[in-house]
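> One structure, pasted below without further comment.
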Amino acid sequence: MVAGTAAPYLLALRLDGRQVLVAGGGGVATRRVPGLLDAGADVLVVSPQISASLHDLAAAGRIRWQSREYAPGDCAGAWLVCACTDDPAVNAAVAQEAEAARIWSVRADDAAASAAWTPASGQAGDVRFGVVSGDPLRSAGIRDEVLAGLQSGRVSARRRRRPGGRVALVGGGPGDPGLITVRGRELLAEADVVVADRLAPRSLLDELAPDVELVDAAKIPRGRAMAQEQINSVLVDRARQGLLVVRLKGGDPFVFGRGGEEILACLEAGIPVTVVPGVTSAVAVPAAAGIPLTHRGITQEFRVVSAHIPPGDERSTVDWAELGSSQATLVLLMALENLEPITRTLMRYGRDSQTPVSVIVDGTLPTQHIITTGLGTVAEEVGAAGLRPPAIVVIGEVVNVGAQIAELSRKALKEAQSVVVPTSSGPAGVIPTREGQ
């Protein structure tokens, strides 16, 4: 088969329930099969051996695998054929059989001899697009540029006609704007209304289109706060106007974020809701500071506690006695105001006063600040330093592991070696430091 010089005719195939033959089980097949499954295709893989990922799909019953070489007649019943073996002669035979049966086929090894090309494809929300240039690397580069534009909002993907209003509860992550999820960034780019928390990555709000309504739903500790009932009302009201409303929250919507209340309010009003999970600061902030919440030989568990209500308060549902006697790592959110009664209670129920504690303020942000001390003195030191929320308090022996990581990271920097501490891009990607060091 000799490819002509005419430009290809671009077409989107709807493969739901239709059989697709994939000849070969190596790297190319491993990349192609997930997309075929996403399209709903009935995938048959013919290959003596397949990759571990494909083997896992076969074991789960998501693809059919025949462990043998390709044989004439394998194309029968297929709507699309992908020739992905390492042998050009086999790929040619597969393509020839498909051509004779008038089945579209893609040759992974020879674009010029392929009846069809697989575009470099991308997806942003419900927008899916493909790029074909004849040069796979060039196509992928263009795809990446378009995708980055759609995800950031530089390329508008906002609907001009909407079937109806809806609400998206989007977790913005721990603070660094680079740590919001891809889907969350896409929805921000599509939004008509954004209702933003104080701890959401607010620098992303500068990227919103000028006509996007911004509602400030900040809740400032011991200060101004928008009532939750007002927030719920805004979400429902704007969605009823046929608008896409993004509720941008810090961390994850369902981890001490009152997302459950908001989704219930919307659903009770008949408003469809999308939930986009976020990276909760409870795990992300310690990780970005180089503190593992679990570590082999030290602890096999960690507990996350909302500490805005002190021990002994009748509103508290926390079993502080159990936490005091446990060896689990404790991660306390909203704890600075009640740190003294919390530490006193933990020591009363069994935690040693020398248990290491790290307090991380403005985690993942350029202003990140960490102090590390013992359980018996941390409340006094936090008060003396004048630390203010938002802060994460980590209690447990893993804090010492974090100190080791920080010391080795400083040494690596001095020796111009790679730094092992997980960092995010931009100014928030800094080596964790301890006060006085």
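The values are calculated or read from the model by the stated rules, or taken from the named source; none is laboratory data. Please read these numbers as outputs of a predicted model, since none were measured by experiment. Reconstructed Cβ throughout: ideal geometry from the backbone, glycine too, with neighbour counts over all protein chains shown. Calculation scope for accessible area: heavy atoms of the full protein, side chains included, ligands and nucleic acids excluded. Shrake-Rupley method; radii C 1.70, N 1.55, O 1.52, S 1.80 Å.
> Filter the stretch 82-105 for residues that are part of a strand (DSSP E or B) and buried (at least 22 other Cβ atoms within 10 Å of the Cβ) and give the result.
Hits for the stretch 82-105 are 82, 83, 105.
> Could you check residue 230 against (1) touching a residue at least 40 places away in the same chain (Cβ under 8 Å); (2) of a type outside the set (Phe, Trp, Tyr); (3) open to solvent by 80 Å² or more (accessible area, probe 1.4 Å) and say which number it fails?
All conditions are met except number (1).
> From the list 175, 184, exactly one residue is part of a loop (DSSP other than H, G, I, E, B), crowded, with 20+ Cβ neighbours inside 10 Å and at pLDDT 90 or above. Which is it?
175
Yes or no, residue by residue, for (1) open to solvent by less than 70 Å² (accessible area, probe 1.4 Å); (2) at pLDDT 95 or above; (3) over 35 Å from the mean Cα position of the chain (by Cα); (4) farther than 20 Å from residue 121 by Cα:
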site: 7; (1), (2), (3), (4): no, no, yes, no
site: 18; (1), (2), (3), (4): no, yes, no, yes
site: 31; (1), (2), (3), (4): no, no, no, no
site: 44; (1), (2), (3), (4): yes, yes, no, yes
site: 68; (1), (2), (3), (4): no, yes, yes, yes
site: 80; (1), (2), (3), (4): yes, yes, no, no
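> Find the residue count for the stretch 264-290, including only residues that are in contact with a helix residue (DSSP H, G or I) (Cβ under 9 Å, 6 or more places away or on another chain), in a loop (DSSP other than H, G, I, E, B) and of a type in the set (Val, Ile, Thr).
Summing the residues that are in contact with a helix residue (DSSP H, G or I) (Cβ under 9 Å, 6 or more places away or on another chain), in a loop (DSSP other than H, G, I, E, B) and of a type in the set (Val, Ile, Thr) in the stretch 264-290 gives 2.
> Being in a loop (DSSP other than H, G, I, E, B), over 27 Å from residue 128 (Cα atoms) and open to solvent by 60 Å² or more (accessible area, probe 1.4 Å) is the requirement here; does residue 76 meet it? Walk me through how you get there before you give the answer.
On the way: in a loop (DSSP other than H, G, I, E, B): yes; over 27 Å from residue 128 (Cα atoms): yes; open to solvent by 60 Å² or more (accessible area, probe 1.4 Å): yes.
So residue 76 passes the test.
> Further question on the same structure: Starting from the stretch 382-394, take each residue that is surrounded by 21 or more Cβ atoms within 10 Å (Cβ to Cβ) and list its partners that are at pLDDT below 90 and not charged (D, E, K, R), counting only C-beta distances under 7 angstrom and pairs at least six apart or across chains.
Correct list of pairs: 390/199.
> Then there is this: Please determine whether any residue of the stretch 144-163 is of a type in the set (Gly, Ala, Ser) and at pLDDT 90 or above.
Of the stretch 144-163, the ones of a type in the set (Gly, Ala, Ser) are 148-149, 152-153, 156-157.
Restricting the remaining residues to those that are at pLDDT 90 or above gives none.
No, the stretch 144-163 contains no residue that is of a type in the set (Gly, Ala, Ser) and at pLDDT 90 or above.
> A further question on this structure: What about residue 22, is it in a strand (DSSP E or B), open to solvent by less than 60 Å² (accessible area, probe 1.4 Å) and modelled with pLDDT of 95 or more?
Yes; evaluated as a whole, the condition is true for this residue.
> Shifting gears a bit: Any idea which residue in the stretch 328-348 is modelled with the lowest pLDDT, counting only those that are closer than 25 Å to residue 292 by Cβ and open to solvent by 40 Å² or more (accessible area, probe 1.4 Å)? Explain how you work it out, then say what you get.
Step one: list which residues in the stretch 328-348 are closer than 25 Å to residue 292 by Cβ, which gives 328-336, 339, 342-343, 346-347.
Cutting the leftovers down to open to solvent by 40 Å² or more (accessible area, probe 1.4 Å) gives us 334, 347.
Numbers: 334: 93, 347: 97.
So, considering only residues that are closer than 25 Å to residue 292 by Cβ and open to solvent by 40 Å² or more (accessible area, probe 1.4 Å), the one modelled with the lowest pLDDT is 334.
> How many residues does the stretch 354-374 contain that are touching a residue at least 24 places away in the same chain (Cβ under 8 Å) and surrounded by fewer than 23 Cβ atoms within 10 Å (Cβ to Cβ)?
Residues of the stretch 354-374 that are touching a residue at least 24 places away in the same chain (Cβ under 8 Å), as a first pass: 355-366, 368-372.
Among the residues that remain, those that are also surrounded by fewer than 23 Cβ atoms within 10 Å (Cβ to Cβ) are: 355-356, 361-362, 365-366, 368-369, 371.
Total meeting the criteria: 9.
> Here's something else I'd like to know. I'm trying to understand the selection: among the residues of the stretch 53-66, which are open to solvent by less than 70 Å² (accessible area, probe 1.4 Å) and in a loop (DSSP other than H, G, I, E, B)?
Matches in the stretch 53-66: 61, 63.
> Exactly one condition in (1) in contact (Cβ under 8 Å) with a residue 40 or more places away in the chain; (2) surrounded by 19 or more Cβ atoms within 10 Å (Cβ to Cβ); (3) in contact with a helix residue (DSSP H, G or I) (Cβ under 6 Å, 6 or more places away or on another chain) is not met by residue 295; state its number.
All conditions are met except number (2).
> While we're on this one: Condition test on residue 421, is it of a type in the set (A, V, I, L, M, F, W, C) and either modelled with pLDDT of 95 or more or open to solvent by 10 Å² or more (accessible area, probe 1.4 Å) (or both)?
no
> For the stretch 233-263, give me each residue that is in a helix (DSSP H, G or I) and over 26 Å from residue 284 (Cβ atoms).
Those that are in a helix (DSSP H, G or I) and over 26 Å from residue 284 (Cβ atoms): 233, 234, 236, 237, 238, 239, 240.
> Among 100, 95, 112, 108, which is the only one that is in contact (Cβ under 8 Å) with a residue 24 or more places away in the chain, over 35 Å from the mean Cα position of the chain (by Cα) and under 19 Å from residue 74 (Cβ atoms)?
95
> If you don't mind, another one. Starting from residues that are at pLDDT 90 or above and not in a loop (DSSP other than H, G, I, E, B), keep the ones in the stretch 191-203 and report whichever is surrounded by the fewest Cβ atoms within 10 Å (Cβ to Cβ).
That would be 193.
> While we're looking at this one, here's another question. With open to solvent by 20 Å² or more (accessible area, probe 1.4 Å) and under 20 Å from the mean Cα position of the chain (by Cα) as the only criterion, which of 325, 316, 281 stands out?
Exactly one residue qualifies, and that residue is 281.
> Sticking with this one: Taking the stated definitions as given, is residue 271 over 26 Å from residue 213 (Cβ atoms) and aliphatic (A, V, I, L, M)? Full working, then the answer.
Values: over 26 Å from residue 213 (Cβ atoms): no; aliphatic (A, V, I, L, M): yes.
Answer is no for this residue.
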